[in-house]
Amino acid sequence: MSATASVLFHSSNMTCVRRLEYKRWLLRLSTSTNVKTLLCRQSSPFSTSSRCRTIMPAWVIDKYGSNEVLRFTKNARFPFLRFPNEVIVKVFAAGLNPLDVSMRGGYGAATLSVKRDPLNSMQSGSDFPLILGRDVSGVIIECGMDVKYFRERDEVWAAIPPWKQGSLAEFVVLSANEISHKPKSLSHTEAAAIPYVATTAWSALVNTAGLSKDNCGKKRILILGGSGGVGTFAIQMLKAWGAHVTVTCSQNAEGFVRGLGADHVVDYTAGPVEEPLSALDKFDVILDNVGGDTERWALNLLKPWCGAKYVTLVTPFLHNTDMLGIADGMMQTAATVATKALKHLMKGVHYRWGFFAPSGPALDEVTEMVDAGQIRPVVDETFSFSQVPQAFQKLENGHARGKTVVQVIKEGDDL
């Protein structure tokens, strides 16, 4: 017998053996009370919903625009596991951010579309229907085969990347490295106020500025625009790490940020804010949540030739790609950041851009800080699932000081 024939014969035998074993496995399942659920899971290589559902309620948009494009549907496509490291989370509460309002209007559409479909294999308009919502707190109902750190019924929270379907739905799919166990001291509604701002602040201050709980003790930090979501979280985290924190905000928010731990507060409505800031000692790190004209004077407030860093979260990256296309937009962005970094490096300070980065490990650290009482959620108002348009309207009008949270599923509902 030839080698080829031998291989084919062996393969044929192995196929027969596998079929026999599969039939025996099905026979054993027939006596199990869970046979229906288990058989349903065979429709996907990594299992689908344990309930075998195909639709769910959600708020979606079918095109970019104003608040009128928000549409409630009971027939949104139920998410399924595409990869073995993913989980399906039943959403108990969803947090909304100004980014959701911007995305509703089409901000970042060009870049996010490429991220969702890098090979351009899907049809034009395949971004829709799009589900917004960047924060989630809920319970895992199903885990992929490679998920080891989490189990079904675990309470988790996460910041959802903007290129994925969001949390304004009954269920959402996330990678295991994007989620973390929810703080035990928080309800789902409170928990949904933290993940997106926490991971954004963590990315800017830890990954970009190089701060940590071990090196913050003698650092002077300036937060420009400290009464917003990222600013309020950053104040609490930096104070927990022992830093001296100066904040700019409006006069009516001064008591609020001081209550979060700010050491010094400067009212930007009282006149040119750079004047009182220039009278203070120089800073080691500046976190800019404002952008605009601040770059013109803010870097002069840093300690020169001491490794001081200016990190801004207001960058032209997505705007460039929206206006110029992916290739030209990225080239323009690279030229801009390189020019600015080199210009300020010659003055002895570091210029950096900060970006949101989903991170389960970062949220693990935040969970410990929350349960230790070092960080508390700042919830401005809670809306029911039927009030999503009102929640967006409040964000759009700029009336929210803390986080706007949408309660998707009431706590205590059965899974």
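The values are calculated or read from the model by the stated rules, or taken from the named source; none is laboratory data. These figures come from a predicted structure and were not determined experimentally. Every residue, glycine as well, gets a Cβ built from its backbone with ideal geometry; the counts of neighbours run over all protein chains shown.
In segment 165-178, the residues that are under 10 Å from Pro79 (Cα atoms) reach residues that are modelled with pLDDT under 95 and among the polar types (S, T, N, Q) with C-beta atoms within less than 8 angstrom, at least six apart or across chains, in these pairs: Phe171/Ser49. Here the condition is being of a type in the set (Gly, Ala, Ser) and free of Cβ contacts under 8 Å to residues at least 60 places away in the same chain; of Ala193, Ala262, it holds for Ala262 alone. If we scan segment 152-175, do we find a residue that is over 15 Å from the mean Cα position of the chain (by Cα), farther than 21 Å from Gln374 by Cα and hydroxyl-bearing (Ser, Thr, Tyr)? The answer is no, given that none of the residues of segment 152-175 is over 15 Å from the mean Cα position of the chain (by Cα), farther than 21 Å from Gln374 by Cα and hydroxyl-bearing (Ser, Thr, Tyr). Annotation note: of Leu81, Leu70, Leu99, the sole residue that is over 22 Å from Thr199 (Cβ atoms), touching a residue at least 12 places away in the same chain (Cβ under 8 Å) and surrounded by fewer than 22 Cβ atoms within 10 Å (Cβ to Cβ) is Leu70.
In summary, Ala209 fulfils each of the numbered conditions (1) within 23 Å of Ala243 (Cβ to Cβ); (2) touching a helix residue (DSSP H, G or I) at 6+ places or on another chain (Cβ under 8 Å) with the single exception of condition (2).
Please specify each residue of segment 214-238 satisfying the condition of being without any contact (Cβ under 8 Å) to a residue 60 or more places away in the chain and of a type outside the set (Asp, Glu). The answer is Asn215, Cys216, Gly217, Lys218, Gly231, Ala234, Ile235, Leu238.
Checked against the criterion of being buried (at least 19 other Cβ atoms within 10 Å of the Cβ), in the same structural domain as Gly65 (by TED's automatic domain parsing), out of contact with any helix residue (DSSP H, G or I) (no Cβ under 6 Å at 6 or more places or on another chain) and over 30 Å from Gln387 (Cα atoms), the candidates Gly144, Gly166 yield just one match: Gly144.
Scanning segment 309-350 for residues that are under 19 Å from Gly225 (Cβ atoms) and more than 22 Å from the chain's Cα centre (by Cα) gives Lys309, Tyr310.
Taken residue by residue, segment 395-402 has at least one member that is more than 30 Å from Ser185 (Cα to Cα) and either touching a residue at least 24 places away in the same chain (Cβ under 8 Å) or assigned by TED's automatic domain parsing to the domain that holds Asp281 (or both).
In summary, Val114 fulfils each of the numbered conditions (1) in contact (Cβ under 8 Å) with a residue 24 or more places away in the chain; (2) exposed (fewer than 15 other Cβ atoms within 10 Å of the Cβ); (3) over 25 Å from Gly360 (Cα atoms) with the single exception of condition (3).
Residues in segment 316-340 that are assigned to a loop (DSSP other than H, G, I, E, B) and either out of contact with any helix residue (DSSP H, G or I) (no Cβ under 8 Å at 6 or more places or on another chain) or at positive phi (or both): Gly325 alone. Here Trp163 clears all of (1) on the phi < 0 side of the Ramachandran plot; (2) in contact with a strand residue (DSSP E or B) (Cβ under 8 Å, 6 or more places away or on another chain) except the condition numbered (2).
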